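Engineer: My questions will all concern the structure given below.
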Amino acid sequence: MPETLVEPKLEEIRKGRDIGRPQRASRNFIYHACPICGNPRWVALKMGKPEVDKCNKCKWFGKKGDKSPHWINTDRRHNFRGYVMVRLSPDDFFYPTCSRRGWIFEHRLVMAKSLGRNLHLWEIVHHKNRIRDDNRLENLQLISDDKHKQFTALELKIDRLLTKQDDLMKEIKLLRFENRQLKENLIGNFS
């Protein structure tokens, strides 16, 4: 049972089970004070020294933006289908193709920048390798909607055929192996 009534002394070492850390029951902990704020807390020991020196509050104090552990890039994100969305400012040349809130698919933006113009609604940017967040220009192809449907249908058919081919090749190898075994058994029976 963890000892909560007695205040531990600084630099006192105890097992995890004694301080209420059952998932790390056999690990040693030290009651260590943060060198900046002086706030004491239990810290795991690693090779006889505290694993971390500063408390979390002091460790991240004054760190803002991408230096903060809570930072989330609010100008770039993935949508639920795996595409990358980018937020543009209203003064951007490509802003007219954005949604009402200023978001645009990154692959459409990359293609538009390479062409030097805004894309029409009927133009589709196709990912050649079908990885939706791979937005390198060499992986993108500008096509119309009807061509995109043909591309997609052909790619799916090719995938099914390649899978079928792999299965048939495995079956051929298995049949050859079984045939070889039968020949060896027949030769062994006649000798």
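Engineer: Given +1 on the Cβ of Lys and Arg, -1 on the Cβ of Asp and Glu, and no further charges, what dipole in debye does the chain carry about its Cα centre, rounded to the nearest 20?
Structural biologist: Working: 39 positive and 25 negative charges, 77 e Å.
My answer is approximately 380 debye.
Engineer: On full extension of the chain, what length is gained from residue 129 through residue 83, given 0.36 nm per residue of separation minus the C-alpha to C-alpha distance?
Structural biologist: That pair, residue 129 and residue 83, stretches by 15.2 nm at full extension.
Engineer: Helix 145-190 versus the longest principal axis of the chain: what angle, 0 to 90°, nearest 10, using Cα atoms?
Structural biologist: It works out to around 80 degrees.
Engineer: How about residue 59: which lysines have a C-alpha closer than 18 Å to its C-alpha, ignoring those fewer than 8 places off in the same chain?
Structural biologist: By straight Cα distance, residue 59 reaches 49, 67.
Engineer: Under the Karplus relation 6.51 cos²θ - 1.76 cosθ + 1.60, θ = phi - 60°, what is the ordered set of whole-Hz ³J(HN,Hα) values for segment 13-19, x standing for Gly and Pro?
Structural biologist: Using θ = phi - 60°, the values come out as 10, 9, 7, x, 5, 7, 10 Hz.
Engineer: Given 5 Å bins starting at zero, what is the percent of C-alpha pairs of segment 13-59 in each, up to the one with the largest pair distance?
Structural biologist: For segment 13-59, the pair-distance distribution reads 5, 25, 28, 21, 15, 4.
Engineer: Under a straight-distance cross-link criterion of Cα-Cα below 26 Å, which lysines are reachable from residue 164, leaving out those fewer than 8 residues away in the same chain?
Structural biologist: Answer for residue 164, where 26 Å is the Cα cut-off: 128, 147, 149, 173, listed by chain and number.
Engineer: Quick one: length gained pulling residue 41 to residue 99 fully straight, 0.36 nm per residue minus the C-alpha distance?
Structural biologist: 16.0 nm
Engineer: For the chain, would you read off the P(r) tail past 22 Å as a percentage of all alpha carbon pairs?
Structural biologist: 72
Read-outs throughout are calculated quantities, based only on the coordinates presented, and are distinct from any laboratory measurement. Since we're looking at a predicted model, the values are computed, not measured. Ideal geometry is used to build each Cβ from the backbone, glycine not excepted, and the neighbour counts take in all protein chains shown.
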